[in-house]
Every structure is written in C-alpha cells, then in structure tokens.
Amino acid sequence: MKIEQVSLHVLQMPLKQPFTTSFGTETVRELILVSLTAGGVTGWGEVVTMADPLYNYETTKTAWHILEDFLVPLALGKSYDHPDDLAAVWDHYRGHYMAKAGLNLAFWDAWARAKSISLARALGGNKDRIGVGVSVGIQDSIAGTLKLVESFLVQGYQRIKIKIRPGWDEQLLRALRHEFGPIPMMADANSAYSLADTPLFERMDDLGLMMIEQPLAEDDIIDHARLQARLQTPICLDESILTPDDARKALEIGACRIINVKVGRIGGHSPMRRLHDICTRRGIPLWCGGMLESGVGRAHNIALTTLTGYTLPGDTSASDRYYLEDIVEPAARLLPGGFLEVPAGPGIGVTVLPDRVAKFTVQSRTYNI
Ligand code: OSB
Ligand code: MG
C-alpha cells in the first residue's frame, strides 16, 4: 500500500476532571492526531505525548519535530505491504516511540480497513469484549477518594488503580481496604520512590494489592529487581519498558512480574506484538495501560487488548470517564460487569467526527507526495 498523504493535528481536549499523578496535573489533554491515507484508504493514529516532558522525555513539540523532519518523509510516497515493514524503516532512529507509534497505528488502521477486517482481528486478537478498570488520580482528601472509588465500583469497573506518591500512599490504601474489603486494587507510583522506601513497600505487602506499578526510577530495572526480591506483591513496570528487549531483560533479572503495555510508549502495534509474544511465552500477564487517550487512541487500546496475553483488566476506561465530548462515534461505553465492546467494523471500528476534531485542533499540517 502506497502512502499518499499524512496529516498531523494538535488537539487540546478539556478533561472533565483534572488528572493528578506523582509527576503533575493535567487539565487539558494535548495530543497529536494522525491521519494517513494509503491506497486510497485513510487510517487514524494518536501520538500520546503530553505538553511537558513529565511521564517521559517526549513532548508535543518533540513529536511534531520527529514526525515532520524524519518519520513522515520516510513514510510518504513509498509502498509498504505490512505495517511491520513501515516500523522497520525507522528502527535506526533512536527513541521517540510515541512519535513512531502515531504513524504505526494509523497505518495499521488503514491496512485493516483495506482488508475489510477489524483491527482486533488484524492484530491476532480473539475477544468481542474486554474487561477494564479505572485509574484514579491523586485527590485532595482520603474521604474524596473513597467517594470517587465508590462511584467507579458502582459503575462496574473491574479493578481500581490508585495513584500514589510519598505522603499519599499507605494510609490511603488502608482506608480503601477498610471501606471496600477485598476489591481488586493496585497502586501506581510513577517513579516517585527509591530503594530507601523498601520498608514502606514491605509494610504494604499485607494489603494484598494486585501489583505496585513503577515504584522506582523510570530508567532503572536493577533497583526494581532488588525491591521485587523483598516483596510478595508483584511489581508491574510501565515507564521502564520501552522495547520488547527491555521486557526480556527486566523479566530475566526479576525486575517485575507483570507488564503494563502502552503502544505509545513502545512505538506502536508492531513492537507491541513482539513484546506480547515474549511475555506470553514466559507466562507473564499483560494489561493495556492508558494515556488519557481520545477516542482514536482508545479504539487502538481496545483492539490490542483482544490479544490472548492481556489477561488483566486495563486502564482503558469508558470515554465519559475523561471527556464530555469525544472525537469519535460511537464513544466507548461501559457495559454491565465492567466491559467495553470490541467494534466489529473495519479497522479501529469507530468514525472520526471532523467537526469535533476541528473544534479541538490548535495546529495542523498535511503532507502530500
Ligand atoms: O502511569 O499509567 C500511567 C495517565 C497519564 C500518564 C501516565 C499514566 C496515566 C494513567 C491513566 O494512569 C490511564 C488512563 O486512564 O488512560
Ligand atoms: Mg503507570
């Protein structure tokens, strides 16, 4: 399929509620929407960078630069039989996985649409619905967190992930256990701790958390292996895993027992499938993480979660957990029991709404052959 056109749109989508993690607060989700036309078929992808380099080093502007000056020129005007072939041409460019993922996702969508199959099927998935959880940001008070968690449990979310940071951790998690009993619950620290906090994590072992996500530095797996050796609670890595090989190394040294997969963080569905196979061969459970995606990124997350290795509920919550107005139709809705339906239509199976895209777009550019 010959790539004929690529468009990039920077969107600023207001979040219903601010989302606070140990690295900062987001009130508006800034992202880059990618559309790619190949063989006359248009596919959609999303670059999940944030405006500031807080989750990782990429930003909206670095992604725009990498796309415009390096990746789009490699893609445009050339023919690729499979999305993996496109991903291979920028392998020699280091890092910038979120920028790479935007184009890789858009080409996967176009490729599946051209074959008239769903993206889930194109990726090798086999589920018609996926079980999901919700990620709860840092709140002003414990009482407020209890109320919020209760509302998510009432809606049916299958597990609750609590964002923690030093001073907002053990007491809160104990209060949640006390209030809600043995619900599936986990914590995500976004790298806010160090090995000096080992006694805290040892104490929290009795909370029966499903896992603790990324407690230590994002560029570290050695200390994570040390910490994991001291804990019953599984460690799940997020920020530390940027490539399929990172996953292999982390597992070989015992740095984690679970991996959070984000296609943005690792460069798209092509490397995602390799990472998936490495982990499933070792019996390591996977789940799909989130970056407060728009409906486009969410549809990609739903499709990838249909692969067999995704055995744990992910962070792909319904659209209305984030946005008053989404940019796709139908927006992802939570079904009873905490499931999202996997669209059966071609590609990502949702329609991008041009009026909504226009409403949130602050910058855009189209590249032709
Ligand atoms: O660490 O998983 C994370 C959101 C933004 C950046 C990093 C993370 C998150 C979330 C929310 O936890 C996931 C979501 O609901 O999309
Ligand atoms: Mg995380």
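Read-outs: derived from the displayed coordinates by stated rules, not from any lab. All of these numbers come straight from a predicted model, not from anything done at the bench. We place every Cβ from the backbone using ideal geometry, glycine too, and count neighbours over all the protein chains shown.
Some points to look at:
- Antiparallel DSSP beta bridges within the chain, percent to nearest 5: 65 percent
- Ellipticity at 222 nm from helices only: DSSP H runs of n ≥ 4 in the chain, each -39500 (n - 2.57), divided by the residue count, give -9500 deg cm²/dmol.
- Residue of Y93, Y80, Y55 that the Gaussian network model of the chain assigns the largest fluctuation, springs spanning Cα pairs under 10 Å: Y93
- A Cβ-based charge dipole, computed about the Cα centre of the range 145-226 with Lys and Arg at +1 and Asp and Glu at -1, lands at about 400 debye.
- Put a plus charge on the Cβ of each Lys and Arg, a minus charge on the Cβ of each Asp and Glu, and nothing anywhere else: the dipole of the chain about its Cα centre is then about 700 debye.
- Cross-link partners for K100 among the lysines, with Cα-Cα distance under 26 Å and sequence neighbours closer than 8 places in the same chain left out: K2, K61, K78, K115, K249, K262, K359.
- Signed unit charges on C-beta, dipole axis of the range 259-369, positive-most listed residue A303, Q363, I266: I266
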